[in-house]
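Input: a single structure, listed below in structure tokens.
The values are calculated or read from the model by the stated rules, or taken from the named source; none is laboratory data. Just so you know, these numbers come straight off a predicted model, no measurement behind them. Reconstructed Cβ throughout: ideal geometry from the backbone, glycine too, with neighbour counts over all protein chains shown. In case anyone asks, the SASA skips ligands and DNA or RNA and just uses the protein heavy atoms, side chains included. Shrake-Rupley method; radii C 1.70, N 1.55, O 1.52, S 1.80 Å.
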Amino acid sequence: MVQFGGEVVNTRPSGSHTPTQMGSGHFPREGFNRAAYFRNVQVVDWDNNLLPARDLRLVADHPACYGIQGGYNRAWGNYFYYGGPGRNVHCP
């Protein structure tokens, strides 16, 4: 199992979510040229071989603030878009 993620610290001093962006500050649904992404996601096995990451489980704790969306294609292999603007009308 391999885990990794992003974190935005919000102490909520004003009682609302932080306006700190994650990634490019755009939601994953905005896609290429807007959202931040990783492509050709691979892991290294015990014998130092690169293997495509499979069965990715993508989780966003606060999807109205920051999201993640993945897929697979022949050009990019396993990929995911991630990020968001932080505080917005749907993430107060």
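Taken together, the residues in region 38-74 that are part of a loop (DSSP other than H, G, I, E, B) and open to solvent by 60 Å² or more (accessible area, probe 1.4 Å) amount to 16. Note on region 33-71: among residues that are over 12 Å from the mean Cα position of the chain (by Cα) and in contact (Cβ under 8 Å) with a residue 40 or more places away in the chain, the one that is nearest to Val89 (Cα to Cα) is Ala53.
Would it be correct to say that Tyr81 is touching a helix residue (DSSP H, G or I) at 6+ places or on another chain (Cβ under 6 Å) and part of a strand (DSSP E or B)? Spell out how you get there, then give the answer.
Details: touching a helix residue (DSSP H, G or I) at 6+ places or on another chain (Cβ under 6 Å): yes; part of a strand (DSSP E or B): yes.
In short, yes.
Pairing each residue of region 72-92 that is more than 14 Å from Leu56 (Cα to Cα) with any residue that is among the charged types (D, E, K, R) and outside any strand (DSSP E or B), provided the two are 6+ apart or on different chains, yields C-beta distances under 7 Å for Trp76/Arg39.
Scanning region 8-37 for residues that are open to solvent by 100 Å² or more (accessible area, probe 1.4 Å) and within 19 Å of Leu56 (Cα to Cα) yields a count of 1.
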